[in-house]
1. Would you be able to say whether some residue in region 174-189 is in contact with a helix residue (DSSP H, G or I) (Cβ under 6 Å, 6 or more places away or on another chain) and on the phi > 0 side of the Ramachandran plot?
2. From 203, 217, grab the single residue that is surrounded by fewer than 17 Cβ atoms within 10 Å (Cβ to Cβ), at pLDDT below 95 and in a helix (DSSP H, G or I).
3. Please find, among 105, 99, 81, the residue that is assigned by TED's automatic domain parsing to the domain that holds residue 38 and either in contact with a helix residue (DSSP H, G or I) (Cβ under 7 Å, 6 or more places away or on another chain) or more than 27 Å from residue 147 (Cα to Cα) (or both).
4. Specify the residue that is surrounded by the most Cβ atoms within 10 Å (Cβ to Cβ); the eligible residues are those in region 51-80 that are in a strand (DSSP E or B) and without any contact (Cβ under 8 Å) to a residue 60 or more places away in the chain.
5. Of the conditions (1) loosely packed, with under 12 Cβ neighbours inside 10 Å; (2) in the same structural domain as residue 49 (by TED's automatic domain parsing), residue 163 fails just one. Which one is it?
6. What pairs come up if the first residue lies in region 112-129 and is under 20 Å from residue 278 (Cα atoms), the second is assigned to a loop (DSSP other than H, G, I, E, B), and their beta carbons are under 7 Å apart, counting only those six or more places apart or on different chains?
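The values are calculated or read from the model by the stated rules, or taken from the named source; none is laboratory data. Please read these numbers as outputs of a predicted model, since none were measured by experiment. Ideal geometry is used to build each Cβ from the backbone, glycine not excepted, and the neighbour counts take in all protein chains shown.
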């Protein structure tokens, strides 16, 4: 009972749309941090940024089934609401936590007509059919419900940030703010999927991640960066017994393939022991 009372004192938990609308109606300077749970330091950094820049901050926890192209991936996605609540209650000045049901998000039951353009079917969109259509649909619905002034997203999934920013800012009077990727002491990008790794597996992934990060320095004076990365891809797969979906250098303004070091990032997706991990650097 004391635990629940403490939660209520620190922040208001909202469980349905009627309460959400009534609660948020008086406010017009709302910062919003959308999550699927599995709260970690990366999420916390987004929340603190929102608190810094907005009068009110709301976090959502909703694992959206429509953005999963693999039902096994959806069912295995790490979810621990008690642990998430324990972390979120310790954040000072966090105002609201919205935990909707599927029926809350999809209350109008309208079919989404969002389709990616051919130029956007790259990187994760190439390998996860329907994923970003599901992301853009749920982000549109959440924006309509919450009416935030700003949405805060991490750049670990840079393609997601890129697509959501372009989509939301064209459709709504809402700014999408990209925040830097948070890494642990061993330089591994924080991710909810890291919770699926056992201790030794996490150690292995940290070692692999460090070597991938070193590629950024190696490509500095290379003329054909992507040819070098394709060779590196084969070497990494052989050495670490991982399956790499993509390892590509792309322009950060339009996500086009680039062989220039400036204004570009290396984008990476790979499977380790059946767990899909992404990064960019």
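1. Looking through region 174-189, at least one residue is in contact with a helix residue (DSSP H, G or I) (Cβ under 6 Å, 6 or more places away or on another chain) and on the phi > 0 side of the Ramachandran plot.
2. The conditions single out 217.
3. Residue meeting the stated conditions: 105.
4. Filtering region 51-80 for residues in a strand (DSSP E or B) gives 56-61.
Imposing the further condition that a residue be without any contact (Cβ under 8 Å) to a residue 60 or more places away in the chain reduces the set to 56-57, 59, 61.
Values: 56: 21, 57: 28, 59: 26, 61: 20.
Checking each candidate, the answer is 57.
5. Unmet condition: (1).
6. Note: pairs meeting the criteria are 122/255; 125/116; 128/69; 129/69.
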